[in-house]
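Let me begin by presenting the structure, written as structure tokens, before commenting on it.
The values are calculated or read from the model by the stated rules, or taken from the named source; none is laboratory data. On a predicted model such as this, the values are computed, not experimentally measured, just so you know. Note that we place each Cβ from the backbone using ideal geometry, even for glycine, and neighbour counts take in every protein chain shown. For accessibility, only protein heavy atoms count, side chains too; no ligands or nucleic acids. Shrake-Rupley method; radii C 1.70, N 1.55, O 1.52, S 1.80 Å.
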Amino acid sequence: MISTVDIIITIAYILFIVTIGLWAGTRRKKKGETSSNDYFLAGKTLKWPMIGLALFATNISCLHLVSLAQSGFDSGLLNGNFEWMAAFTLILLALFFIPFYIRSGITTLPDFLEKRYNKACRDWLALISIISAVIIHIAFSFLAGGIVLETLFGINMYTSIIAIALVTGLYTIIGGLRAVVVTETIQSVVLISGAIIITIFSWNKLGGWEHLTTILQQNNAIDKLSMVRPVGDASGMSWVAVFLGYPILGIWYWCADQTIVQRALGAKDEDQAKAGALFCGFIKILPVFIFVLPGLFAYALYKSGAMDLSSLQTVVDGKAVLNTKGIYTLMITQLLPSGLVGILVAALLSGLMSQIAGALNSIATLSSFDLYKRFYPEASDQKMVKVGRWSAGIALVISLALLPLLNQYESLFAGINDIIAHIAPPITCVFLLGIFWKKASGKAAQYTLWLGSLIGVVVFTINKLYPGSIIGHVPFMIMAFYLFLICVFIQVVCSYIYPVTHTQESNKLYWNSIFEPLHAKGWPGIGNYKTLSALLLGIMVVLYYFFK
């Protein structure tokens, strides 16, 4: 439970964000400029700082703060790979994907697939994107937020979730992408600031890096500092699994998921979009140090007797077991003074509200442009916006209904990545082959999406019903890679059976060589996308070398 001062700070923050969101989303209405383009893509006026911060805020939710701290406690820096590997996929987004997205003038990624392939691909991706946004971006975030708020405030988990849903839905459904991006920019700053505060306090409590390494050595846990694990590691996250599996998940998430990429689609121009994506890549360096590392600090504090985790202990089969889901919450209440606790709760709410707001806006966009307008092509802008708002509201209700089912996962972070590993392969496949292989045909992409999704569902079902089977023993990262190879095989074979017939438009939506994207001039100086990409790549190589 937290103090009255902290509760006041938390409530004040929520009111501030709602006010800013409503102001940002409605101020253009007063100027008579409301349109579907303005509502869904912020009038294509976004610049790189807002794009980068909004990308980060949409990605990092309450789920990440809670689950990454838990993973830091349980397995050390290992799951930080999901953060640092994202930098490489953001470079891919900036160099290879954004040029086509911006130049083709698309509103949604399914729209891009229609231009590159056919309408069937567009319909399927729109459907999958909406389903994944509801499950991955909204429901899981609600679940993590509900657990934290129940622990801190003593409010029933589902009651607190419904309250946050109503608040976030208010400014998102009314204000559109402009409201989402403006609030996400603020919430990114709050989120990072709050995480830095808990990192500093836990660092000071522990006494520094030397004390950390000493405690880890005493407990035979020095490998918790390694992000590169050997083949056969019990975690299932060996360097091979990360190297082969993460790109499949990451390319779908960062380059082909509407909820994420929509921020770049609202860019003022191509250079702003590229710089925004790369800026996010630099910010993604931080989570390992301010989200994962504090969990490792908590482990060291616990082992040295400086943290009391008795409230997390449960008895299973007569044995005391530590339920580490609440690690981050205990760090807030045990390490921070009154006042700062309220700021950290505001940071958690920032992550939760950003994730949900971004997903709701992408669902509204997909429902309007890729589903409703498909059947009612003459629909007015006002009708499109209305359909989008209703779709977002319905998605909110469905995500709430899914919570009891998703709550069965022991680890929320493992659960969300397990689901992504079975959704991503066919989508990653058709996007990659679509922009790099001239012969990739629409019919082949269509069958790849259908069969790949079906195979993913079958494998996922077998994994859950028969965990002792051969499939059940394959780590999810390696499984994602195997599923991707199957999808590539299907698309290549089908592309020769059903040869491509390019339209004037699709003939411009693939690269003739891997070096062609580098021909674009870009901004002069250090802000040039090639300079920024090389700098980010160099920093990541150094970091991985240091933490190998």
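Quick one: how many residues across segment 436-460 are over 21 Å from Arg116 (Cβ atoms) and open to solvent by 60 Å² or more (accessible area, probe 1.4 Å)?
Going through segment 436-460 one residue at a time, the tally reaches 3.
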Completion exercise
In segment 359-387, anything surrounded by 19 or more Cβ atoms within 10 Å (Cβ to Cβ) and among the acidic types (Asp, Glu) is listed as Asp370
Handout entry: Boolean, Ser411 is out of contact with any helix residue (DSSP H, G or I) (no Cβ under 6 Å at 6 or more places or on another chain) and farther than 30 Å from Gly326 by Cα
Key = no
Practice task
All but one of (1) in contact (Cβ under 8 Å) with a residue 24 or more places away in the chain; (2) over 23 Å from Leu432 (Cα atoms); (3) surrounded by fewer than 24 Cβ atoms within 10 Å (Cβ to Cβ); (4) of a type outside the set (Ser, Thr, Tyr) hold for Pro247, so report the exception by its number.
Solution key: (2)
Handout entry: Looking only at segment 228-269, and only at residues there that are under 20 Å from Leu92 (Cβ atoms) and among the β-branched types (Val, Ile, Thr), the one that is farthest from the chain's Cα centre (by Cα)
Key = Val242
Practice task
Check segment 342-365 and report whether any residue there is more than 22 Å from the chain's Cα centre (by Cα), in contact (Cβ under 8 Å) with a residue 12 or more places away in the chain and within 30 Å of Val5 (Cβ to Cβ).
Solution key: yes
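Yes/no per residue for (1) over 21 Å from the mean Cα position of the chain (by Cα); (2) modelled with pLDDT of 70 or more; (3) closer than 19 Å to Ala144 by Cα; (4) not small (Gly, Ala, Ser):
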{"position": "Lys31", "(1), (2), (3), (4)": "yes, no, no, yes"}
{"position": "Asn37", "(1), (2), (3), (4)": "yes, no, no, yes"}
{"position": "Lys44", "(1), (2), (3), (4)": "yes, no, no, yes"}
{"position": "Asn59", "(1), (2), (3), (4)": "no, yes, yes, yes"}
{"position": "Cys62", "(1), (2), (3), (4)": "no, yes, yes, yes"}
{"position": "Leu65", "(1), (2), (3), (4)": "no, yes, yes, yes"}
{"position": "Asp74", "(1), (2), (3), (4)": "yes, yes, yes, yes"}
{"position": "Phe82", "(1), (2), (3), (4)": "no, yes, yes, yes"}
{"position": "Ile91", "(1), (2), (3), (4)": "no, yes, no, yes"}
Exercise for the section: May I ask you to list the residues in segment 513-548 that are touching a residue at least 24 places away in the same chain (Cβ under 8 Å) and among the aromatic types (Phe, Trp, Tyr)? Expected result: Trp523, Tyr529, Tyr544, Phe547
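Say we look at segment 452-485 and pick out the residues that are aliphatic (A, V, I, L, M) and more than 25 Å from the chain's Cα centre (by Cα); which of these is farthest from Met237 (Cα to Cα)?
Step by step, filter segment 452-485, then rank; the result is Leu465.
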Handout entry: Selection within segment 307-339 - in contact (Cβ under 8 Å) with a residue 12 or more places away in the chain, open to solvent by 40 Å² or more (accessible area, probe 1.4 Å) and among the hydrophobic types (A, V, I, L, M, F, W, C)
Key = Leu322
Handout entry: Any hit, segment 393-403, residues being under 30 Å from Ala241 (Cα atoms) and either more than 21 Å from the chain's Cα centre (by Cα) or open to solvent by less than 30 Å² (accessible area, probe 1.4 Å) (or both)
Key = yes
Practice task
Using the structure shown, decide if Phe481 is surrounded by 16 or more Cβ atoms within 10 Å (Cβ to Cβ) and either in a helix (DSSP H, G or I) or of a type in the set (Ser, Thr, Tyr) (or both).
Solution key: yes
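Residues in segment 499-507: is at least one over 22 Å from Ile455 (Cα atoms) and touching a Phe, Trp or Tyr at 6+ places or on another chain (Cβ under 7 Å)? Quick ask: steps written out before the conclusion?
Of segment 499-507, the ones over 22 Å from Ile455 (Cα atoms) are 499-507.
Checking the rest, the ones that are also touching a Phe, Trp or Tyr at 6+ places or on another chain (Cβ under 7 Å) come to none.
There is no residue in segment 499-507 that is over 22 Å from Ile455 (Cα atoms) and touching a Phe, Trp or Tyr at 6+ places or on another chain (Cβ under 7 Å).
Can you tell me which residue within segment 134-169, out of those that are hydroxyl-bearing (Ser, Thr, Tyr) and either at pLDDT below 75 or closer than 19 Å to Leu371 by Cβ (or both), is surrounded by the fewest Cβ atoms within 10 Å (Cβ to Cβ)? Even if it seems obvious, please write down each step before you answer.
Taking segment 134-169 first, the residues hydroxyl-bearing (Ser, Thr, Tyr) are 141, 151, 158-160, 168.
Going one step further and asking which of them are either at pLDDT below 75 or closer than 19 Å to Leu371 by Cβ (or both), we end up with 151, 168.
Numbers: Thr151: 21, Thr168: 29.
Looking at the filtered set, the residue picked out is Thr151.
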Exercise for the section: Name the one entry in Ile285, Ile356 that is within 25 Å of Ala133 (Cα to Cα) and surrounded by fewer than 22 Cβ atoms within 10 Å (Cβ to Cβ). Expected result: Ile285
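Restricting attention to segment 404-429, which residues are assigned to a helix (DSSP H, G or I) and over 20 Å from the mean Cα position of the chain (by Cα)? Break it down stepwise before answering.
Pass one, segment 404-429, residues assigned to a helix (DSSP H, G or I): 404-406, 412-429.
Correct list: Pro404, Leu405.
Quick check: anything in segment 536-543 crowded, with 16+ Cβ neighbours inside 10 Å and out of contact with any Leu (no Cβ under 8 Å at 6 or more places or on another chain)?
To start, the set of residues in segment 536-543 that are crowded, with 16+ Cβ neighbours inside 10 Å comprises 536, 540, 543.
With the extra rule that they be out of contact with any Leu (no Cβ under 8 Å at 6 or more places or on another chain), the set shrinks to 540, 543.
Checked against the condition, which is being crowded, with 16+ Cβ neighbours inside 10 Å and out of contact with any Leu (no Cβ under 8 Å at 6 or more places or on another chain), segment 536-543 yields at least one hit.
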Handout entry: Scan of segment 430-468 for residues that are polar (S, T, N, Q) and either in contact with a helix residue (DSSP H, G or I) (Cβ under 7 Å, 6 or more places away or on another chain) or under 20 Å from Ile497 (Cβ atoms) (or both), ordered by number
Key = Ser441, Gln446, Thr448, Ser453, Asn463
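Condition check ((1) assigned to a helix (DSSP H, G or I); (2) of a type in the set (Gly, Ala, Ser); (3) modelled with pLDDT of 85 or more) across all residues:
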| residue | (1), (2), (3) |
| --- | --- |
| Tyr171 | yes, no, no |
| Ala179 | yes, yes, no |
| Ile186 | yes, no, no |
| Ile192 | yes, no, no |
| Thr214 | yes, no, yes |
| Lys224 | yes, no, yes |
| Val240 | yes, no, yes |
Completion exercise
When segment 1-29 is checked residue by residue, the ones that are touching an Asp or Glu at 6+ places or on another chain (Cβ under 9 Å) and modelled with pLDDT of 70 or more are none
Fill in the blank from the handout: A careful count of residues in segment 373-392 that are closer than 30 Å to Ile248 by Cα and over 25 Å from the mean Cα position of the chain (by Cα) gives 1
